[in-house]
Amino acid sequence: MKNFLRKLFRRPEFLFRPTQLFRRILWEIKSPKQNVTVKLPWGLAMNVPPEDRIGASIIKTGTYDTVVLECLYRLTDQGETCLDIGANYGLMSGLLARASGPNGKVISFEAHPEIAKELEDITEVWKSNYQIASIKVENSAVSDQDGESELIIPENFHSNRGSAKLAESNSEPSNGKRMKIQTVCLDHYFEQSEESIGTCKIDIEGHEKSALLGAKKLLKDQRIRDIIYEDHTGYPSEVGTFLESFGYEIFLVRKGLFKPLLMDPKTPPYELPNYLATLSPQRAKRRTSSIGYKILRKIR
């Protein structure tokens, strides 16, 4: 119990949103068995299953990957186009829509057809909120070419809906169900458009390099300003080196108690690391310099 209480008071989710502490304590007493509708700090509501680790985090703390959400919110300007690659529940899609506002646009890529359908359903409900951007859901995986691939659904999928991943051509056979899905290359997706992308979040279970290979022209033309990505291999890595070749500066993103921290990418991570690759490092430092977590307060 001592460790539990110590952890509680090291979490910005409770420091800046103390009412959420009651939900966390209630979870310890008796966790819910049915889906729970959670009103997020930025005004949108989601229905989440408590048996899923992301759903459980949303119920207990009101968020998931708090520092990633905070950085996305701070880095996104009103009216911008944003990408959520590996959208899952749509937690970050909704936040990006709130950040970019009614004149912005969010494109959410989700490979799993059932999850994509749920995302379409919730974004349809969110349309009634006049303060957010339009959200376009694409039921496809972002990769280095258009076509078909296989999505591997692991045995623990029911407790971690973010664990499905694309089968790599050189990978060994793995346990789990497989399903055919569509893949899309970002350079092809945007070839008829001249729009630039403000912020892009990528979390696709190790397929990030392939997704970025399919965006070579966008990267070369500097049409994506900020990219936040998960990298299981840390830094340096193939993903980080590839982005640096296009002029991006890399930072490790870490959750501080009082604010998000942009750190030297060589800093040893203490959990699965997220990184920011940015073409505007001074802007990013300035945007993340102030104390507080804006996403944990009621956004007006």
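Tell me, which residue of region 81-122 that is in contact (Cβ under 8 Å) with a residue 60 or more places away in the chain and among the hydroxyl-bearing types (Ser, Thr, Tyr) is surrounded by the most Cβ atoms within 10 Å (Cβ to Cβ)? Only one residue fits best here, namely 100.
Here is a yes/no grid of residues against (1) without any contact (Cβ under 8 Å) to a residue 24 or more places away in the chain; (2) surrounded by 14 or more Cβ atoms within 10 Å (Cβ to Cβ); (3) in contact with a Pro (Cβ under 7 Å, 6 or more places away or on another chain):
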position	(1), (2), (3)
206	no, yes, no
215	no, yes, no
218	no, yes, no
235	no, yes, yes
242	no, yes, no
249	no, yes, yes
261	no, yes, no
270	yes, no, no
284	no, yes, no
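Of the residues making up region 45-80, those that are under 14 Å from the mean Cα position of the chain (by Cα) and part of a loop (DSSP other than H, G, I, E, B) are 63, 64, 65, 76. Only residues that are touching a Pro at 6+ places or on another chain (Cβ under 9 Å) and within 15 Å of residue 197 (Cβ to Cβ) were counted across region 44-94, and they come to 2. Scanning region 95-115 for residues that are in a helix (DSSP H, G or I), modelled with pLDDT of 95 or more, touching a Phe, Trp or Tyr at 6+ places or on another chain (Cβ under 9 Å) and not charged (D, E, K, R) yields 95, 96, 97, 99.
If you go through region 250-300 and keep only what is more than 20 Å from residue 236 (Cβ to Cβ) and of a type in the set (Phe, Trp, Tyr), you end up with 258, 293. Answer yes or no: is there a residue in region 215-225 that is within 29 Å of residue 55 (Cβ to Cβ) and in contact with a Ser or Thr (Cβ under 9 Å, 6 or more places away or on another chain). Checked against the condition, which is being within 29 Å of residue 55 (Cβ to Cβ) and in contact with a Ser or Thr (Cβ under 9 Å, 6 or more places away or on another chain), region 215-225 yields no hits at all.
Take residue 125 and tell me if it is loosely packed, with under 15 Cβ neighbours inside 10 Å and among the hydrophobic types (A, V, I, L, M, F, W, C). Criteria met by residue 125. Within the option set 124, 148, being part of a strand (DSSP E or B) and more than 17 Å from the chain's Cα centre (by Cα) holds for one residue only, 148. The residues of region 136-162 that are touching a helix residue (DSSP H, G or I) at 6+ places or on another chain (Cβ under 9 Å), at pLDDT 90 or above and not aliphatic (A, V, I, L, M), listed by number, are 136, 138, 139, 140, 143, 144, 145, 146.
The values are calculated or read from the model by the stated rules, or taken from the named source; none is laboratory data. Every value quoted in this text rests on a predicted model; they were computed, and no experiment measured them. Every residue, glycine among them, receives a Cβ derived from its backbone with ideal geometry; neighbour counts consider all protein chains shown.
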